[in-house]
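Input: a single structure, listed below in structure tokens.
The values are calculated or read from the model by the stated rules, or taken from the named source; none is laboratory data. What you see is a predicted model; the values in this text were computed from it and never measured. Cβ placement follows ideal geometry from the backbone for every residue including glycine, while neighbour counts extend to all protein chains displayed.
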Amino acid sequence: MKRRRFLKLSASACAALAALEFQGKGMFRPAAASTGNAQGLPGSLGAKDIPSVCEMCFWRCPIVGKVKNGRLVKIEGNPKSPANDTRVCARGNSGVQLVYDPDRLKYPLKRTGKRGEGKWARISWEEALDEIAHNMNKVKDKYGPHALAFFDHGASAEFMRGIFNALGTENYTNEPAFFQCVGPAALAFIKTMGYVTSGTRQYIDMKNAKAILLVASHIGENVHVSHVSEYMEGLSKGAKLVVVDPRFSAPAGKAHIYLPIRPGTDTALLLAWMNFIIENGLYDKDFVKNHCTGFNDVKEAVKKCTIEWAAPICDLKPEEMRKAIVMLAEARPHVAIHPGRHATWYGKGDTSRHQALGMLAALFGAVGVPGGLYFPTHVKKGHSECAECGGEPETPDESLQEDYYPFASMFGSPTSKIIEASLSGDPYPVKLWGINGVNILQTIPDPYKTMEAIKKLDFIFCEEILPTETAMWSDIVLPGATYLERYDAVYTYDLLTPYITIRQPVIKPMFEVKSPYWIARQLAKRLGLECFQVKDEKDIIEEELKPAGLSIDSLNKKGGLVKFKAHPYRKRKDLKFKTDSGKIALSVEAFADEDLDPIPKFIPTPAPPKGYARLIYGRVPVHTFSRTMNNKWLHNEWPENQLWLNDEAAGKMGLKDGDEVILENQDGYKSLPIKLKVTPGIRADVVYMAHGYGSRSKMLTKAFEKGASDQFIITEYVDDPFMGASSHRTNFVRIIKGSKIIDVPDLCPVPPELPRFKLKKADRVKTGGRK
Amino acid sequence: MSQLAMVIDLKRCVGCHACAIACRAEWGIPVAYKRNWVHRLGPEKTPHGLSYTFYPGLCNHCDDPKCVSVCPVDPEERTFKDPKTGKTKKMAVHATFKHPFTGAVLIDKSRCIGCGSCVEACPYGARYLNEDLDDPKADKCTFCVERLEVGEQPACVKTCITKARIFGDLSDKSSEVHKIVASGKAVRLTSKEVNIGPNVYYTGLKRDTYLLIQKCAPHERKWENVKAPTRRDVILAAVRRLKTAV
């Protein structure tokens, strides 16, 4: 699957479309049920319901905005939605406070101080857009198109991405969503199964599973409503749950078997499990014979990977490892081997680890069946060329993609390569960054390096909703409309409960904020690009709804959403995979062609140096990345993160629950203060904190310096050799209390197979972070 | 007599806090206060194994609500209606009272003098004095009776992403809450010292309900230490009310 679609833009078709009159009758159309006649009813009762789509995270649940007297009072799930019904999570409920956040960016800003200083002047939209266009042209003329780079995430970035694409840069899509998150997993499954089994969404039928395997997936700590509710439905119907995680997470609390694995050794466990089921005939022979290729090679490759071999590496008890794999095998083929999502852990073995998860599912025949991995259901929708701003980038002499990582171009340019090229000018200079929908300083490893790179740029701009760290470092900041203030796109859902719906405004845009389409359209005009010719998003939505026989009006009359029948499973005889062989590739030839392992191997990641613990991180259910920490309600619910520390280690270190400490990483960078949570629910060789806290933007008045940022002490990273994602779990910390540096005791013996991380010489150890 | 009640299934609860926020959104609760909350318990060792669970809490609408008995506002006769049968009943009640037909413990805001006695008395910390108001009033969860009246569910139940909250009438033998409570599988947050008939129940794995009771069942008979407001306090409150009314 190539992510890029090089579309030829049909300017004339769009112009013609622009001339058409559509019947969209205003933005405040009520859903069928509510009238908006509040008549003194308390709470949200009697409010007008406006169907739309959430974007407090990327899962995008259908919602209704409840509006009284023009003010959004509440958000609930769209009762028409088969995926979430009336339910929304804490964040979905808190969209109200995103719209009304007093810290919001209200009008375009121009930097007046130094980059990162946060000094601003208010400017007009005209001036802001003129300046951006001027700089884009200038940089392109001087250095060529590839000097332009775009960092993007989420629905708001779609149109702007088109502009960068049209200007001819290969760096038009560099999503942290891939290079800091799901990329390795997506690649592994595309090559193994022929589709994106794990990308934005995971096609895993936990609802009908008889057993579920989670390898460091923290369902419930990361919350996507339909995903969590299907998981819960499966458990309540009696599914057995096996959780593999160095930390006793929320799902570990519900597990039948919990395996507190040594970080970085998951692939050893998976290889041993594969060997065990092959040796003991606990795999689906019929499925493997008819629907998989490469079985004999796999059998041979895992022969030496016995449970006894893996046990000391994984630091697990052999009998527990056996009990778990037998529990999973007994449920085959209705066993949900969760494909995982966030996969950028250790750099070297990340793609292989997810490949191994796919292989395990295949060996169980757990693909295309209830309870296993399943196929997406295609929901018919149109494609509007007016939403595109096509162009075909020329390939530079030396590409940041293929020339470094053979599979990078499926996703874009690796963020680490763009940052390095911006710093060094090698292999070509990158001189202008555009950023939309992603706070790169709280997302990409080594933010200090990112800041140095920004200092070298000719120009940097962003479109944002809140004054994040990234906004602080921009030359021009454009205030974007939130998802509750704009039309956007047609959304289809292709999981177990398919539907089609649209995002539409629930309230009028506040202040001077503009929709991403308006911004991209104005910018395209200034750049002389013939695209985005229709006046607004509504025309695009109408065109995309047409093949489904719908219009905005007719969809709203149906409550804003129409359901479809799912087609997730296949009869065995109908199974066909979009791989080269039409079967599941247990051994991936395309990897071998690039001198990469076609069958996963266990590649050890360095163990903590003496005195240090590995830093791991995760999510709390009330926050999305670093985006929601300033939300009044969510901030109130969980204002700062805690550092989980093993109770035995804490005892030896003289630390107790609630103590405030600072972390210092292997490169000498220090964290903001963070309070300890001392618990037996974590291994002694790791510490854990929730991601996204410890904001360094003073303009985020609630989130500023609340809790500690994991990102600002993640400075050591290793690139995934397949597609160039950067690792996040390759950092180690010591603990500082008061002025005393306390070594972490060495309570988990490290076997000789696992080398320890070598600390760099003292000259690198400095306080470049917080002093 | 009917008794509204809630069972929270800790096996289903993932601790996502949607309930707490939906309540805040529905009733516009200032962030300094809460009617509905989620606390995390553990991971901690229990005799039944390592537990990591949650305390989703709200007013328990107790059988013997101590918050009602400490209310110093003179009882006044009011007519109550059974929402199911339409039957009415006259009863003299304080500013806070237990509804004779639904069992919900409610507050008559127009009569509350904001003395805070009920807030102090509640062993669960389920009440607060809303000092954001010019004329502070006690406030707390109502089991969303206002929503029930128009056929809606409580806000926390409607948003619960894992259907962990089961709500209904305990006296209705066909209700799910009745069935669970009658099965004896549900526990309540009570102790030897504090046993006032809470109507929020919890079910879950043994290790989780064990930890919940260990950590969250109250032991302090707070209502016994509530000092009745002085005459002066009462008069001042009356003057304050008069002012805001004008």
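Miscellaneous remarks
- Within the stretch A:95-109, the set of residues being surrounded by 12 or more Cβ atoms within 10 Å (Cβ to Cβ), within 14 Å of another protein chain (Cβ to nearest Cβ) and of a type outside the set (Gly, Ala, Ser) comprises A:VAL96, A:GLN97, A:LEU98, A:VAL99, A:TYR100, A:ASP101.
- Residue check, A:GLY92 within 14 Å of chain B (Cβ to nearest Cβ), within 30 Å of A:ASN222 (Cα to Cα), at pLDDT 50 or above and not in a loop (DSSP other than H, G, I, E, B): yes
- Counting only helices (runs of 4 or more DSSP H) that fall entirely inside the stretch A:115-215 and contain at least 2 residues that are in contact with a Gly (Cβ under 8 Å, 6 or more places away or on another chain) and outside the structural domain of A:MET472 (by TED's automatic domain parsing), the qualifying elements are A:183-193.
- Unmet requirement for A:PRO333, which otherwise passes all of (1) surrounded by fewer than 24 Cβ atoms within 10 Å (Cβ to Cβ); (2) touching a residue at least 60 places away in the same chain (Cβ under 8 Å); (3) closer than 30 Å to A:LYS563 by Cβ: (2)
- Verdict on A:VAL298 being part of a helix (DSSP H, G or I), within 14 Å of chain B (Cβ to nearest Cβ), hydrophobic (A, V, I, L, M, F, W, C) and out of contact with any Phe, Trp or Tyr (no Cβ under 6 Å at 6 or more places or on another chain): no
- In the condition set (1) away from every other protein chain (no Cβ under 13 Å); (2) more than 17 Å from A:LYS254 (Cα to Cα), A:LYS210 is compliant with all but (2).
- Matching entry among B:LEU50, B:LEU41 (being over 29 Å from B:GLU149 (Cα atoms) and within 7 Å of another protein chain (Cβ to nearest Cβ)): B:LEU50
- Scanning the stretch B:3-12 for residues that are of a type in the set (D, E, K, R), at the interface with chain A (Cβ under 9 Å from one of its Cβ atoms) and out of contact with any strand residue (DSSP E or B) (no Cβ under 8 Å at 6 or more places or on another chain) turns up at least one hit.
- Residue that is surrounded by the most Cβ atoms within 10 Å (Cβ to Cβ), among those in the stretch A:158-198 that are closer than 16 Å to A:LEU432 by Cβ and small (Gly, Ala, Ser): A:ALA166
- Check on A:THR112, surrounded by fewer than 21 Cβ atoms within 10 Å (Cβ to Cβ), of a type outside the set (Lys, Arg) and within 14 Å of chain B (Cβ to nearest Cβ): no
- The residues of the stretch B:155-211 that are surrounded by 17 or more Cβ atoms within 10 Å (Cβ to Cβ), within 14 Å of chain A (Cβ to nearest Cβ) and part of a loop (DSSP other than H, G, I, E, B), listed by number, are B:CYS160, B:ILE161, B:THR162, B:ALA164, B:GLY204, B:LEU205.
- Whichever residue in the stretch A:58-77 is among the small types (Gly, Ala, Ser) and buried (at least 24 other Cβ atoms within 10 Å of the Cβ) and, among such residues, is farthest from the other protein chains (Cβ to nearest Cβ): A:GLY65
Quick grid of which residues meet (1) within 14 Å of chain B (Cβ to nearest Cβ); (2) among the polar types (S, T, N, Q); (3) on the phi < 0 side of the Ramachandran plot:
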| site | (1), (2), (3) |
| --- | --- |
| A:MET56 | yes, no, yes |
| A:PRO79 | yes, no, yes |
| A:ILE123 | no, no, yes |
| A:GLY154 | no, no, no |
| A:ARG161 | no, no, yes |
| A:GLY168 | no, no, no |
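- Criterion: modelled with pLDDT of 95 or more, loosely packed, with under 11 Cβ neighbours inside 10 Å and among the acidic types (Asp, Glu) - qualifying residue of B:GLU146, B:GLU224: B:GLU224
- Scanning the stretch B:75-120 for residues that are among the basic types (Lys, Arg) and part of a loop (DSSP other than H, G, I, E, B), we see that the one that is surrounded by the most Cβ atoms within 10 Å (Cβ to Cβ) is B:ARG111.
- Of all residues making up the stretch A:234-261, the number that are under 24 Å from the mean Cα position of the chain (by Cα), part of a helix (DSSP H, G or I) and more than 8 Å from every other protein chain (Cβ to nearest Cβ): 0
- Search result, residues across the stretch A:281-331 that are among the charged types (D, E, K, R) and farther than 26 Å from A:ALA255 by Cα: A:LYS285, A:ASP286, A:LYS289, A:ASP297, A:LYS299, A:GLU300, A:LYS303, A:LYS304
- If you go through the stretch A:675-688 and keep only what is surrounded by 24 or more Cβ atoms within 10 Å (Cβ to Cβ) and aliphatic (A, V, I, L, M), you end up with A:ILE682, A:VAL686, A:VAL687.
- The stretch B:89-110, subset out of contact with any Phe, Trp or Tyr (no Cβ under 6 Å at 6 or more places or on another chain) and of a type in the set (Lys, Arg), residue farthest from B:ALA238 (Cα to Cα): B:LYS90
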